[in-house]
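Structure record follows, encoded as structure tokens.
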Amino acid sequence: MRSMLRILLLVLAFPLVLNAQQDRPASENLPEADRKYLEDQLFFQLSYVTLKNLYPGIKQQGFSNSVSFGFIRDIPLNVRRNIGLGVGLGFERTIYFQNLRIKVDEQSGAIGFELLDPDYYRINAFGIKRLIVPLELRLRGSKADKFKFWRLYAGLTFGYVLSAFSEFENANVSIKYRNLHSIPSKYQYGIHLYAGYADLNGYIYFGLNDLFSPEVKVNDTHIPMQDIRFGVMLSFL
């Protein structure tokens, strides 16, 4: 976590140093509005989630999905203000449908894991809710009076898990376990890219670390899991 904080501080400090070195006469040649506008934005993202690096026997089933929303602050890096950084804060909920059942013993409270036959159940899901902090480099064709323009934004998304749950249903029983805080890795991160025109953008996220904590095991073997997400992001200025 210390290395992540150092990266965040460097990213935040860089635009301040760069702005201090900008060419003042060049800025004065631009209209007043073009010297001040920002592309602060609200965002809403919906993605399909596919799992990778799966343990043998684990299969993804159903429509695993991710929904997030939040705010991103724009930090211009040049006089034209078409290159910048984005620093944001948001909330995300992701649900993974697969055949690894997570269950809790009612007597001892111990958490167990079991690989299921797909014909044995109707629903088997694991969900995570987390705070997200996107950091990104932003390239765009914007102007102060131009509200429809192309954009290409890429960067890192850091996540802090708030809660986790599992849900299981077959012909005989329907069970949902909440507060499974020890199951997911507490801190999660990945790279993201979104590009588009006006409010609509294509979105991709590639997870870089393990979704599950080391205690998630089947037959004394850790179950790795990472995700890739494809979807759309709506940006509102």
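Just so it is clear, none of the values below were taken in a lab; they were calculated from the coordinates. These numbers were taken from a predicted model, which means no experiment stands behind them. Cβ sites come from the backbone with ideal geometry, for glycine too, and all protein chains shown count toward neighbours.
List of remarks:
- Least to most buried among LEU54, LEU156 (fewest other Cβ within 10 Å first): LEU54, LEU156
- Peptides 174-186, 202-214 ordered by average Cβ neighbours within 10 Å, highest first: 202-214, 174-186
- Calculated FRET value between SER174 and LEU89, using beta carbons and R₀ = 30 Å, to 0.05: 0.30
- Straightening the chain between ALA198 and LYS186 buys 0.8 nm, computed as 0.36 nm per residue apart minus the Cα-Cα spacing.
- Spin-label pair ARG80/LEU139, simplified geometry with 7 Å Cα→Cβ offset, distance in nm: 1.1
- Charge dipole (segment 114-237, unit charges on Cβ, about Cα centre) - positive-most of PHE212, ASN172, ILE228: ILE228
- Residue (of PHE71, PRO56, ILE128) at the positive-pole extreme of segment 40-131, dipole from beta-carbon charges: PHE71
- Ranked for footprinting exposure by Cβ neighbours inside 10 Å, fewest first, VAL216, VAL232 give VAL232, VAL216.
- Footprinting exposure proxy ranking of ASP117, ASP40, ASP227, fewest other C-beta atoms within 10 angstrom first, gives ASP117, ASP40, ASP227.
- Straight-line reach from LYS186: taking Cα to Cα under 15 Å and skipping same-chain neighbours fewer than 8 places apart, the aspartates and glutamates in range are GLU92, ASP210, GLU215.
- Couplings for segment 129-135, taken from phi via the Karplus curve 6.51 cos²θ - 1.76 cosθ + 1.60 with θ = phi - 60°, read 10, 8, 7, 10, 10, x, 10 Hz in order; Gly and Pro are left as x.
- The calculated P(r) of segment 2-236, using every Cα pair and 10 Å bins from 0, goes 7, 29, 28, 18, 11, 6, 2, 0 in percent.
- If you model segment 114-179 as an ellipsoid using its alpha carbon gyration tensor, with each semi-axis the square root of five times an eigenvalue, the axes come out at 43, 15, 11 Å, biggest first.
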